């Protein structure tokens, strides 16, 4: 642990209008797992881009194995043994698992062609070694779950014999089982002398797997601590510069009459005879393992998929919802968990994203009311505390937490009565989580019915007035306020009876 493999000293990186890194320092020892922590926008990703050759620092130095280096690009970094697995997947969806693992460097036959037999054999051995016997090495990546695609990306880095492996939010799309396997992979690599930089907002994982933690705030170095010598509250205090008191607010809003009722809803193999109700002012948590049908349920309610059986009622009247447009007209809003690919227009501004969700509201006599749209965007930027110099800022230039707030602003600016929200705080820092939970509770106080999917147990337990559990597409149980515990949720989502 005393053998330092990497030193970053006085790193500075500026972009137009923002100083992303300001005299940043970081050390990494050989064979350690080192957490890099900070709120969204703290500069973590920029620092890792410098280390992986994606961008060049304006000042400072990088010392790798005692040698001062300047990485020209990612290929240069990989040749030296530095690999990064980004939070946003970088896979070739139509290529096979094997082709993704061996991208840019496939084994060759003596005649110069690609040796597919050897490629498949080596990837099969790798999948078996790390606990994925059910993943077919010849299957197209697009046919795998997001979590499995993430694991394949990590195995690609493993195959490159990396000396330093950077994992940026690697568990944000993983199931509990896949997360456990990832931890095993990390420990195995750790034992082989691989140094790992681990970026995560899930502090329980940091305490489970990491040796040290470095905290950043506003592009600057704050502190480095041994994980065994600190606690969650201390790390959070360093990250946000203040004490964070979680107040999810379950049970604090008056629950009114029935707003939404679902009866006998079925959809292909994903949903089977699902029935439940949602009330005004209620946050109804939706629990379930991956593949239980949670996202499909929200998408059927919102008109993305036509259910094969069942009925949906709003205010007691049967509703016909053939499309998302029809759902919007009925007062529904759907905040997807895949904000980058399905929720936001990343190349457009904050204002244009808000406009896109409200075209029907801002058109008068065939003309778009751009001034009104701008005023609306400014109002919701202020209300949701979106950190941006103005509403003309491109959404792709914002941090993940601020992108999530833009997505919420798009939909809440329509003043919905029913809010369907899938993983509201996925990949978001602790400070932004606090503000988003406060927003959700405020929505409930306004009489909005909130149906919320969450894979984070503390969030599900503490934010929900009631929890509905799904198992293999069916409702396996319901927990009222006061009986919502991790043990009961886990039992119901595993197909067992809750005690």
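The values are calculated or read from the model by the stated rules, or taken from the named source; none is laboratory data. Only a predicted model underlies this, so the values are computations on that prediction, with no experimental measurement involved. Virtual Cβ from ideal backbone geometry, glycine too; neighbours counted across all protein chains shown.
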Q | Residue tally, condition at positive phi and either free of Cβ contacts under 8 Å to residues at least 24 places away in the same chain or in a helix (DSSP H, G or I) (or both), over the stretch 441-481 | A | 1
(Q) Given (1) crowded, with 16+ Cβ neighbours inside 10 Å; (2) touching a strand residue (DSSP E or B) at 6+ places or on another chain (Cβ under 8 Å), identify the lone condition not met by residue 311. (A) (1)
Q: For the stretch 360-372, state whether one or more residues are closer than 23 Å to residue 416 by Cα and touching a residue at least 40 places away in the same chain (Cβ under 8 Å).
A: yes
Q) Going by the structure shown, is residue 252 in a strand (DSSP E or B) and either at pLDDT below 90 or over 24 Å from the mean Cα position of the chain (by Cα) (or both)? A) no
Q: Quick one: residue 424 ticks every box in (1) crowded, with 23+ Cβ neighbours inside 10 Å; (2) outside any loop (DSSP other than H, G, I, E, B) except a single one, so which number is it?
A: (2)
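Quick check on the stretch 182-195. Is at least one of its residues outside any helix (DSSP H, G or I), on the phi > 0 side of the Ramachandran plot and not assigned by TED's automatic domain parsing to the domain that holds residue 299? Spell out the reasoning first.
Restricting attention to the stretch 182-195, the residues satisfying the condition of being outside any helix (DSSP H, G or I) are 192-195.
This time we only want the ones that are on the phi > 0 side of the Ramachandran plot, so: 193.
Next, only the ones that are not assigned by TED's automatic domain parsing to the domain that holds residue 299 stay: 193.
Yes: the stretch 182-195 contains one or more residues that are outside any helix (DSSP H, G or I), on the phi > 0 side of the Ramachandran plot and not assigned by TED's automatic domain parsing to the domain that holds residue 299.
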Q. Quick check, is residue 28 farther than 30 Å from residue 404 by Cα and in contact (Cβ under 8 Å) with a residue 40 or more places away in the chain?
A. yes
**Q.** Which listed residue, of 224, 295, is in contact (Cβ under 8 Å) with a residue 60 or more places away in the chain, within 21 Å of the chain's Cα centre (by Cα) and outside any loop (DSSP other than H, G, I, E, B)
**A.** 295
Q: Could you tell me which of the residues 59, 93, 35 is at pLDDT below 90, farther than 17 Å from residue 162 by Cβ and either outside the structural domain of residue 236 (by TED's automatic domain parsing) or in contact with a strand residue (DSSP E or B) (Cβ under 9 Å, 6 or more places away or on another chain) (or both)?
A: 93
Q | Unmet criterion (only one of (1) crowded, with 22+ Cβ neighbours inside 10 Å; (2) in a helix (DSSP H, G or I); (3) under 23 Å from the mean Cα position of the chain (by Cα)) for residue 434 | A | (1)
